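To start, the structure itself, in structure tokens.
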Amino acid sequence: MRVLLGAVLAVVALVAPLAAQETSSDIQVNQALIAEITVGLNCKVEIVGSREAPGTERGSVDVFDKAPELSPLGTVVPALPGLGFGVRARAADGLTIAGATFRVIHPPFTESGTTEQSWSANYTDDGFSTHLYRFDYPHEMVTGTWVMEATHAGAVLYRVNFTVIPAKDFPGAETLCDPAGLLSGDLAGPPRG
């Protein structure tokens, strides 16, 4: 398991902001606390370190110093080795949310039975905090509903439902992480409801 986390103070977004996504039944946002949210897939991220995260299967999360690019392919995720998916969020104007909990809830892993992982997160109004999950091992690539949510002081900041499907069921999955694939915008992805 490799969980990735980072915060970047530059406002960088490659996918539609919250206003365009708030009607999705897969994405719920507490607009009083979160100003913007984007979701997507990621093939490559530069890891600069790790930090302790006892609520994860591995006991730590990877840290990156530049926000990874998220492709705007929605919330359907092919189960591909090395593919990441996640959420980028910014706190509402005037807010800093320190000590939030970011949680990933997923079907049981085939080897360990793990169904939930969590770590601490912070959100500010002057930059995005990005959280990803990347498939590093075959036992992690379980299909079904994966939920990513952030909470603080009993309040849900956001909740995103991803659907992980077999790679064979995702058109173009075999070239998704080719240099021209994921971020080219040429992939339509699977049909959406």
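Each reported figure results from applying straightforward, stated rules to the coordinates on display, with no laboratory input. The structure displayed is predicted, hence computed values, not measured ones. Virtual Cβ from ideal backbone geometry, glycine too; neighbours counted across all protein chains shown.
For the pair His139 and Ser25, a Förster radius of 41 Å applied to the C-beta separation gives a FRET efficiency near 0.90, rounded to the nearest 0.05. Taking 0.36 nm per residue of separation and subtracting the Cα-Cα distance, full extension of the segment from Val63 to Asp178 would add 39.0 nm.
Mean projection of the Cα convex hull over all viewing directions, computed for region 66-183: 8.0 nm².
Placing a pseudo-label 7 Å from each Cα along the Cα-to-Cβ vector at Ala155 and Ile47 gives an inter-label distance of 3.4 nm.
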